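> Handing you a structure now.
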Amino acid sequence: AVVFLAGTEGLVPLAWESPHPDHLASWKLLGLSDPVAERAWQTGGSILADRAQNDLDPGEGEACSRLAVIIPRQGVLSVEATRPGGFGKADQGRLELLARCLGPTLQSARRLEDLQRELALQRQVNQRLEGWAAGLERTLQGIPGLSASLKPHEVRQALLELLGEVVPHDLLVLSPPHPEPTPGQEDSEAVRALAEATLRNRRPLLLEDAARSRFAPPAPGIRSVLAVPLGPDGQDSGVLVLGSCRLRAFERFHQDLTWMLAHQAGVALQKARLHEDLLETHRALQESQAYLVQSSKMAAVGQLAAGVAHELNTPLGAVLLGLDSALQS
């Protein structure tokens, strides 16, 4: 006995009690078909058949009778027997009654399977949405921390820590190289090629499978790559390269989060560099002012010395003149 379920691929065995379970279990793989069941499904009525019309004969030389009846809107119920006389009208009537009762049951079961499948899909979607919401919330909380410091190395360190929380990865590289250590043993040439392509396009570069792209993996064992330019368009602050050992590890959501963080980090780095330039200019200005003050002091001392010498020379000149007059007298 076999229950065939109708689907897009035709009649497929759903449940059976048969001496040929391997054939029925491998129905799709072996490309099998049941002409009697197919004919019953196409005609919409019951079919009685002998052994010559059967693909699943129990054996040569044995009398076999087949009876296939329609399960309304669901499929076909097929039975096979090796007995004298085969199936009669009473057997057919009982089987048709069973098939009519089986129809609503199968329909309910299929609806339940569809509902469970949709619920499982909905749970997956909800889990992804919860993960995205948590990542976005953590990103929004961490963005002010990127601008809290005016030291470039502290900005880069805050960026690395925040990315480690919101985007799972196995490799993180800032290009051009920075003094902060990055996990993993990266390939500098591969990283440079990724950075050049990213900066040239000024767009994120997402490789779901680095082995199938024109770029070499940035490190051994890395399968997925995400490269994002730092800072807004027109600002060359470097490139952030993320790598993962899993295929398709980065999704569009991860790309958007990383790009947003990279944009903010680039602005913060630019502000930090401008602050450093301002401090350097201020130091230079202070040194110039100190030099000018020292020069003014020296000039004042010189003027004072000249005034004192003048004040001393005048009475000394009168004294010398008197002495000369006295000597002449």
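> Compare Asp34, Asp22, Asp170 in a GNM of the chain, Cα atoms joined below 10 Å, and give the one with the largest fluctuation.
Among Asp34, Asp22, Asp170, the largest GNM mean-square fluctuation belongs to Asp22.
> Right, another one. Over the stretch 94-203, one equal point on each Cα, no solvent: what is log10 I(q)/I(0) by the Debye formula at q = 0.11, 0.12, 0.13 Å⁻¹?
-0.61, -0.66, -0.73
> Hey, can you find the accessible area per residue of the stretch 251-324 for me, probe 1.4 Å, expressed in square angstrom?
Value returned for the stretch 251-324: 72 Å² of accessible area per residue.
> Tell me the mean residue ellipticity at 222 nm calculated for the chain from its helices only (DSSP H runs of n ≥ 4, each -39500 (n - 2.57), averaged over every residue, nearest 500).
Value at 222 nm, helices only: -19500 deg cm²/dmol.
> Let me ask another. Provide the three semi-axes, in whole Å and in decreasing order, of the ellipsoid equivalent to the stretch 62-145 as defined by the square roots of 5 times the Cα gyration tensor eigenvalues.
Calculated on Cα positions only, the semi-axes equal 57, 13, 6 Å.
> Given the protein chains as shown and a 1.4 Å probe, how many square angstrom of Ile47 are accessible, to the nearest 10?
Counting only protein heavy atoms, Ile47 exposes about 20 Å² to solvent.
> Would you mind calculating the gained length between Ser26 and Gln157 on full extension (0.36 nm times residue separation, minus the Cα-Cα distance), in nm to one decimal? Write down the numbers at each step before the final one.
On the way: separation 131, 0.36 × 131 = 47.16 nm, distance 5.70 nm.
Stretched out fully, the Ser26 to Gln157 stretch lengthens by 41.5 nm.
> Calculate, for Ser288 and Leu115, the FRET efficiency according to 1/(1 + (r/R0)^6) with r their C-beta to C-beta distance and R0 56 Å; round to the nearest 0.05.
0.10
> Kindly write out, for the stretch 272-285 in residue order, the coupling ³J(HN,Hα) from the Karplus curve 6.51 cos²θ - 1.76 cosθ + 1.60 (θ = phi - 60°), rounded to whole Hz, with x marking Gly and Pro.
Karplus-based 3J(HN,Hα) across the stretch 272-285 equals 5, 5, 5, 5, 5, 4, 5, 5, 5, 5, 5, 4, 5, 5 Hz.
> Springs between alpha-carbon atoms under 10 Å, Gaussian network over the chain: tell me which of Leu150, Leu162, Leu292 tops the mean-square fluctuations.
In this elastic network of the chain, the residue with the biggest mean-square fluctuation among Leu150, Leu162, Leu292 is Leu292.
> While we're here: Express the accessible area of the stretch 1-160 per residue in Å², computed with a 1.4 Å probe while the remaining protein chains stay in the model. Before the final figure, lay out each step's value.
Working: 9730 Å² over 160 residues.
Here the per-residue accessible area is 61 Å².
> More than 28 angstrom separation, counting every C-alpha pair in the chain; what % is that?
67 percent
> If you don't mind, there's one more thing I want to ask. How tilted is helix 188-201 with respect to the longest principal axis of the chain? Cα atoms for both, answer in degrees (0 to 90, nearest 10).
90 degrees
> Build a GNM of the chain with springs between Cα atoms under 10 Å: which of Leu207, Leu67, Leu174 gets the top mean-square fluctuation?
Looking only at Leu207, Leu67, Leu174, the largest GNM fluctuation is found for Leu67.
> What are the residues whose amide H is under 5 Å from the amide H of Leu14, where those residues sit 5 or more places off or on another chain and H is modelled from the backbone?
Val3, Phe4, Leu5
> In nm, to one decimal, how far is the Arg94 label point from the Ala305 one, both placed 7 Å along Cα→Cβ?
Going from the Arg94 label point to the Ala305 one covers 13.5 nm.
> First compute the accessible area of the chain with a 1.4 Å probe, then give the percent of it belonging to carbon and sulfur atoms.
57 percent
> Mind checking the dipole of the chain: about its Cα centre, +1 per Lys or Arg Cβ, -1 per Asp or Glu Cβ, Debye to the nearest 20?
740 debye
> From the gyration tensor of the Cα coordinates in the stretch 265-323, what semi-axes in whole Å does the equivalent ellipsoid have, largest first, with each one equal to sqrt(5λ)? Walk me through the numbers on the way to the answer.
Numbers: eigenvalues 636, 4, 3 Å².
Values for the stretch 265-323, descending: 56, 4, 4 Å.
The values are calculated or read from the model by the stated rules, or taken from the named source; none is laboratory data. As the structure is a computational prediction, the values presented were derived from the model and not from experiment. Cβ: placed from backbone, ideal geometry, glycine included. Neighbour counts: every protein chain shown. Remember, those area values only see protein heavy atoms, side chains included, never the ligands or the DNA or RNA. Shrake-Rupley method; radii C 1.70, N 1.55, O 1.52, S 1.80 Å.
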